[in-house]
Amino acid sequence: MEAERLLLIVEDDAAFARTLGRSFERRGYTVLLAANVDEVAALLQAHSPRYAVVDLKLSGEASGLACVQRLNRHDPAMLIVVLTGFASIATAVEAIKLGACHYLAKPSNTDDIEAAFGRAEGDTDIELTNRSTSIKTLEWERIHETLAETGFNISETARRLGMHRRTLARKLVKQRVK
């Protein structure tokens with residue numbers, strides 16, 4: 001198998017994984033699919049992909065960060081992009097520390113991911129903003145982090161956050177403050 005265009009997609013949403021895989025195949029990549037850390041380990045015994053796209057939130061015990069760590073141990077030169085619907089500064093920092101070259105928030109398309117593979121090096125010319133994170137943004141991130149931890153159970157999330165279920169539901173309906 002041509003290792004130069006071999007891509008591993010680690011995603012537990014089978015439909016999204018197939019769609020993303022087909023999109024990369026149309027661009028000339030050979031695609032391998034895995035849904036968890038165990039499947040990644042099995043694939044790495046027979047293959048050495050040059051690229052990997054890893055979903056941060058995988059079903060089961062291990063997160064995508066464990067996959068990033070395993071992939072980086074297998075080949076430190078592998079270009080790994082982490083995708084997530086629940087982006088946070090903490091997980092972005094950890095993903096990069098563990099070996100990811102880039103971290104993208106969903107929805108991201110094939111163009112975004114392929115561009116991230118090309119931007120494996122840091123950019124010192126990136127524009128710095130003077131805007132600090134607002135309380136509302138921090139609250140929004142914490143709510144979504146807890147939602148993910150509880151498997152999107154509204155009642156359990158409200159209990160863990162110490163708020164009434166209806167209050168949480170109202171906050172979820174509102175648009176995110178930027």
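The values are calculated or read from the model by the stated rules, or taken from the named source; none is laboratory data. Being a predicted model, the structure only gives us computed values, none of them experimental. Cβ sites come from the backbone with ideal geometry, for glycine too, and all protein chains shown count toward neighbours.
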Inspect the stretch 58-75 for any residue being touching a Cys at 6+ places or on another chain (Cβ under 8 Å), under 20 Å from Leu147 (Cα atoms) and assigned to a loop (DSSP other than H, G, I, E, B) and give the result as yes or no.
yes
Is it fair to say Leu104 is crowded, with 18+ Cβ neighbours inside 10 Å and either aromatic (Phe, Trp, Tyr) or touching a Cys at 6+ places or on another chain (Cβ under 6 Å) (or both)?
no
Being assigned by TED's automatic domain parsing to the domain that holds Ala95 and within 14 Å of the chain's Cα centre (by Cα) is true for just one of Asp38, Asp75, Asp12. Which residue is that?
Asp12
With respect to Leu98, is the statement that it is within 20 Å of Leu33 (Cβ to Cβ), out of contact with any Pro (no Cβ under 7 Å at 6 or more places or on another chain), surrounded by 12 or more Cβ atoms within 10 Å (Cβ to Cβ) and not hydroxyl-bearing (Ser, Thr, Tyr) true?
no
Regarding Thr137, is this residue of a type in the set (Val, Ile, Thr), within 26 Å of Leu168 (Cβ to Cβ) and at pLDDT below 80?
yes
Kindly indicate whether Leu147 is over 18 Å from Leu8 (Cα atoms), surrounded by fewer than 16 Cβ atoms within 10 Å (Cβ to Cβ) and modelled with pLDDT under 85.
no
What residue, among those in the stretch 14-57 that are part of a helix (DSSP H, G or I) and touching a helix residue (DSSP H, G or I) at 6+ places or on another chain (Cβ under 9 Å), is farthest from Lys97 (Cα to Cα)?
Arg26
